[in-house]
Amino acid sequence: MNIRKGTEADFEAVLEMIKELALFEKAPEAVINSVESMREEKKYFDFFVAEMEGEIVGMALYFFAYYTWVGKSLYLDDLYVKPAFRGQNIGKALLEKVIEVAKDEKCKRMRWQVLDWNTSAIEFYKKMNATMSQEWINCDLHF
């Protein structure tokens with residue numbers, strides 16, 4: 001397994017995994033992103049990919065944010081490993097790389113979301129010592 005910084009050449013594979021994740025999360029219609037949009041907006045996000053034998057099998061996409069209560073933060077938007085490659089510590093390796101970035105960038109916090117029914121992900125995040133809030137509700141405006 002090789003974990004490396006993602007490049008523009010990886011956008012197509014990453015978008016496919018984003019679509020797979022949306023399907024798993026029962027919201028495939030919600031993905032309106034495109035490779036073209038990713039190219040235009042690449043300064044707003046960064047990512048790592050996991051490769052096995054030259055195939056991209058996982059990814060972690062993140063961006064920096066500012067939260068008034070804590071300051072500079074890293075937001076992990078997607079962490080995904082293809083089903084056939086799960087259980088091989090790929091997700092853990094990707095998450096550890098993102099944690100490393102957050103620490104190197106002197107972030108005060110790293111945040112992400114998990115669906116309340118995704119018990120395997122919740123257990124994984126608990127093993128990584130993440131705290132989980134039951135109080136906050138997402139609010140979105142789409143344009």
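Can you find even one residue in region 70-88 that is part of a strand (DSSP E or B) and in contact with a Ser or Thr (Cβ under 9 Å, 6 or more places away or on another chain)?
No, that holds for no residue.
Sort out which residues of region 20-60 are aliphatic (A, V, I, L, M), crowded, with 17+ Cβ neighbours inside 10 Å and touching a Leu at 6+ places or on another chain (Cβ under 8 Å), and write them in order of number.
Met38, Ala50, Met59, Ala60
Run down Met110, Met59, Met38 and say which single residue is assigned to a helix (DSSP H, G or I) and modelled with pLDDT of 95 or more.
Going through Met110, Met59, Met38 in turn, just one is assigned to a helix (DSSP H, G or I) and modelled with pLDDT of 95 or more: Met38.
Which is closer than 22 Å to His142 by Cα, within 12 Å of the chain's Cα centre (by Cα) and among the aliphatic types (A, V, I, L, M), of Ile18, Ile32?
Being closer than 22 Å to His142 by Cα, within 12 Å of the chain's Cα centre (by Cα) and among the aliphatic types (A, V, I, L, M) holds for just one of Ile18, Ile32, which is Ile18.
The values are calculated or read from the model by the stated rules, or taken from the named source; none is laboratory data. All figures in this text were calculated on a predicted structure; none of them were measured in a lab. Every residue, glycine as well, gets a Cβ built from its backbone with ideal geometry; the counts of neighbours run over all protein chains shown.
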